[in-house]
Amino acid sequence: MGGDTIFVATGTYTDTGDEVVLIDKDITLSGGWDVSFTTQGSTSTIDGEDARRGIFIFESVTAAVENFTVQHGYTDWEGGGIYNSGTLTLTNSTVSYNTTDRSGGGISADSNSLAVIMDSRIYANHSLWQGGGIAAYDNSHLSMSRSWVVGNAAPIDDGGGISVGGSAYIENSIIAGN
């Protein structure tokens, strides 16, 4: 059923498909819970093992992801860590060490999507073309607050940290060393 919340225990989660987590309906993923699901004191880790994307969010889907680390994702297309075609709210999370042969090493916000990033860290991601940390495409909207985008790379084209083709609103954030 859409709109549910899934509580995820602290730990590292992997898979063998094209992505570790496929979100195809409205949902909240709440990570970092202890084994009794009474205390949220850490993060849960989605690890693409340098072989697959971390999270894929379908078009027209609203997803909230909180208290997660998305790491070591890889794709030969876009969005090594997270590929968003819908509406993503990423809170208190880390997106790091993800790679793509195209754009959006850490996060790719597809055309007509919305990405809201709060209290999060986007670092050490790599794409060959645009947006080593974040690539936000035409007609997309990026909103970022109290977050940092540091040490990402896109050596062939533009936007080592962030590449924006749509609109962006960034406040109280650090974008440095990209």
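Extension gain for Y13-W77 works out to 20.8 nm (0.36 nm per residue, less the C-alpha to C-alpha distance).
In the neighborhood of T69, defined by Cβ-to-Cβ distances under 10 Å, what is the net charge if each Lys or Arg adds +1 and each Asp or Glu adds -1? Provide the component values of the computation, followed by the final result.
Values: positive: R121; negative: D47.
Every neighbour counted, the sum reads 0.
Note on the stretch 29-87: Rg/Rh from C-alpha atoms, Kirkwood Rh, equals 1.04.
Per residue, how much accessible area does the chain show when a 1.4 Å probe rolls over the protein heavy atoms, in square angstrom?
Numbers: 7650 Å² over 178 residues.
Result: 43 Å² per residue.
Using a simple spin-label model with pseudo-atoms 7 Å out from Cα toward Cβ, A51 and V150 lie 3.2 nm apart.
Relative contact order for the chain: 14 percent, from Cα pairs under 8 Å spaced at least 6 residues apart, divided by residue count.
Quick one: grab the alpha carbon gyration tensor of the stretch 90-178, order the square roots of its eigenvalues as a ≥ b ≥ c, and give me rounded if a/c is under 1.5, else prolate or oblate depending on whether a/b is larger than b/c.
Numbers: a/c = 1.63, a/b = 1.11, b/c = 1.46.
Taking the square roots of the gyration eigenvalues as a ≥ b ≥ c, the stretch 90-178 is oblate.
Suppose every K and R has +1 on its Cβ and every D and E has -1 on its Cβ; what is the size of the dipole of the chain about the Cα centre, in Debye to the nearest 20? Mind dumping the intermediate values first?
Values: 6 positive and 21 negative charges, 82 e Å.
The dipole of the chain has a size of about 400 debye.
Between D157 and T39, the simple label model (points 7 Å from Cα in the Cβ direction) yields a spacing of 4.6 nm. Contact order for the stretch 14-103, expressed relative to its length and based on alpha carbon pairs under 8 Å spaced 6+ residues apart, stands at 28 percent. Solvent-accessible area of the stretch 76-178 (1.4 angstrom probe, protein heavy atoms only): carbon and sulfur portion equals 49 percent. Over the Cα atoms of the chain, the radius of gyration divided by the Kirkwood radius equals 0.95; this is the Rg/Rh ratio.
The values are calculated or read from the model by the stated rules, or taken from the named source; none is laboratory data. Only a predicted model underlies this, so the values are computations on that prediction, with no experimental measurement involved. Note that we place each Cβ from the backbone using ideal geometry, even for glycine, and neighbour counts take in every protein chain shown. Just the protein is used for accessible areas: all its heavy atoms, side chains included, with ligands, DNA and RNA removed. Shrake-Rupley method; radii C 1.70, N 1.55, O 1.52, S 1.80 Å.
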